[in-house]
Amino acid sequence: MKITQKLKLEPWHHGYYNTRKGLNGGKRMSVLYEKLETCYKYYQSVTDFVPRVGLILGSGLGGYAKNMKVEKEIPYGDIPGFPVSTVQGHDGKFLLGYIGDVPAVVMKGRVHYYEGYSMQDVVLPTRLMKRMGIEILFLTNASGGIKKGFQVGDFMMITDQISSFVPSPLIGENVSELGERFPDMTHIYDPDLMNLIRKTAERENIAIQEGVYLQTTGPNFESPAEIRMYAALGADAVGMSTACEAMAARHAGIRVCGISCISNMASGLSDEELSHLDVQAVADKRSGDFERLVTKTIEQM
Ligand code: HPA
């Protein structure tokens, strides 16, 4: 991974958010909410498109645009204060358009905690999609398989998650405009959306596993001992994204679903050493079925 851009650290990248007299007519407003509103104002200045579904593309889904009718593209770099990926090959932009008849916003590229952004910045895109109007968020990623019986190239519908190894994106002053201080996380992944994915996979004849996704900070892959610990804790797959986005989405009342492509067996579970290139290669190889499963599911949302 080559770092292509130097991070510009803002005061709110580390530590807690403060309130201050903001843009909101002198009313006290959190720095976080003000930043979100600045992004949303920019969005409103370039489009009046209102998406209903948000889709975050993980590794292997970079060519997704061909599955939708794109009406508008917004490069992340054009949005004031918006986090931009520093990882080569992750050129970021929002694609606005239709998947079937469903108005959708698709994120081509996401930022990760390991890039040095605060968790609040990592989930800013999710919150911005809420402001755009989404009711459903579809999360995708590549991950390392932990569960016995999983194989490289499998798809795993995420049924629940463990995010205890990364800071909560909800730490800091609660932005009540987004959600409540102590949000319930009993059903992070929506049972009805899970059923829709199951049915779609069956109809499309695409095999799908199910399991619990665990998020680490990355950027290093895990040690075999860590993977044994995660297995003992109930994790079925491990990755460096997604759980924080799911949590921020639930906080904001968005219904969430997710599918992971098992791009490798996790550390110590196979003889292979782990590499980012191999992860991408497997995800790319499975992109046809992955795109079809995601598209056919969203078309019914
Ligand atoms: N570990 C963490 N993140 C990952 C992996 C893994 O094995 N594979 C893809 N993303």
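Worth a mention:
- Column: log10 I(q)/I(0), Debye, Cα scatterers of segment 45-86, q = 0.27 Å⁻¹: -1.34
- Sequentially through segment 235-247, phi angles give Karplus couplings (6.51, -1.76, 1.60; θ = phi - 60°) of 7, 9, 8, 10, x, 10, 8, 6, 4, 5, 5, 4, 5 Hz, Gly and Pro residues having no value and appearing as x.
- Calculated P(r) of segment 86-152 - Cα pairs past 20 Å, %: 42
- Unit Cα scatterers, Debye sum, segment 76-213: log10 I(q)/I(0) for q = 0.09, 0.13, 0.17 Å⁻¹: -0.34, -0.73, -1.29
- Percent of Cα-Cα distances greater than 23 Å, calculated over the chain: 53
- For Val123, no residue 5 or more places off, or on another chain, has a built amide H under 5 Å of its own.
- Three-way shape call for segment 219-301 based on the alpha-carbon gyration tensor, with the a/c threshold at 1.5: oblate
- Rounded to the nearest 20, the Cβ-based charge dipole of the chain about its Cα centre (Lys and Arg +1, Asp and Glu -1) stands at 780 debye.
- Looking at the chain alone, DSSP beta bridges between its own residues are antiparallel in about 45 percent of cases.
- From phi via Karplus (6.51, -1.76, 1.60), per-residue ³J(HN,Hα) for segment 55-68 in Hz, x at Gly/Pro: 10, 9, 8, x, 3, x, 10, x, x, 5, 3, 5, 8, 9
- Long-range tail of P(r) for segment 255-301 (Cα pairs > 13 Å, %): 63
- Loop-resident GluC sites (Glu not before Pro) (DSSP state other than H, G, I, E or B) in segment 167-213 with no more than 15 further Cβ atoms inside 10 Å of their Cβ: Glu173, Glu177, Glu180, Glu204.
- Normalised by 2.2 N^0.38 Å, where N is the number of residues, the alpha-carbon radius of gyration of segment 149-284 equals 1.12.
- Asp101 versus Glu173: modelled label distance in nm, points set 7 Å from Cα along the beta carbon direction: 4.4
- Compared with the direct C-alpha span, the chain from Glu299 to Arg198 gains 34.9 nm at full extension, assuming 0.36 nm per residue.
- Using only the C-alpha atoms, the convex hull of segment 37-155 corresponds to 124 Å³ per residue.
- Lysine-lysine proximity count for segment 35-132, Cα under 24 Å, sequence distance 8 or more or distinct chains: 19
- About its Cα centre, segment 23-166 has a charge dipole of approximately 180 debye under the convention of +1 per Lys or Arg Cβ and -1 per Asp or Glu Cβ, with nothing else charged.
- Between Asp78 and Met185, the modelled label-to-label distance comes to 3.5 nm, taking each label 7 Å out from Cα in the direction of the beta carbon.
- Evaluating 6.51 cos²θ - 1.76 cosθ + 1.60 at θ = phi - 60° for every residue in segment 141-150, the Karplus couplings come out as 6, 10, 8, x, x, 10, 5, 4, x, 5 Hz, glycine and proline recorded as x.
- Low-density loop positions, trypsin sites (Lys or Arg not before Pro), segment 54-155 - DSSP coil, at most 11 other Cβ in 10 Å: Lys148
- Förster-model FRET efficiency, 30 Å R0, Ala65 and Gln151, C-beta, rounded to 0.05: 0.55
Throughout, read-outs are computed from the coordinates displayed, never taken from laboratory work. What you see is a predicted model; the values in this text were computed from it and never measured. Note that each Cβ is placed from the backbone with ideal geometry, even for glycine, and that neighbours are counted across all protein chains shown.
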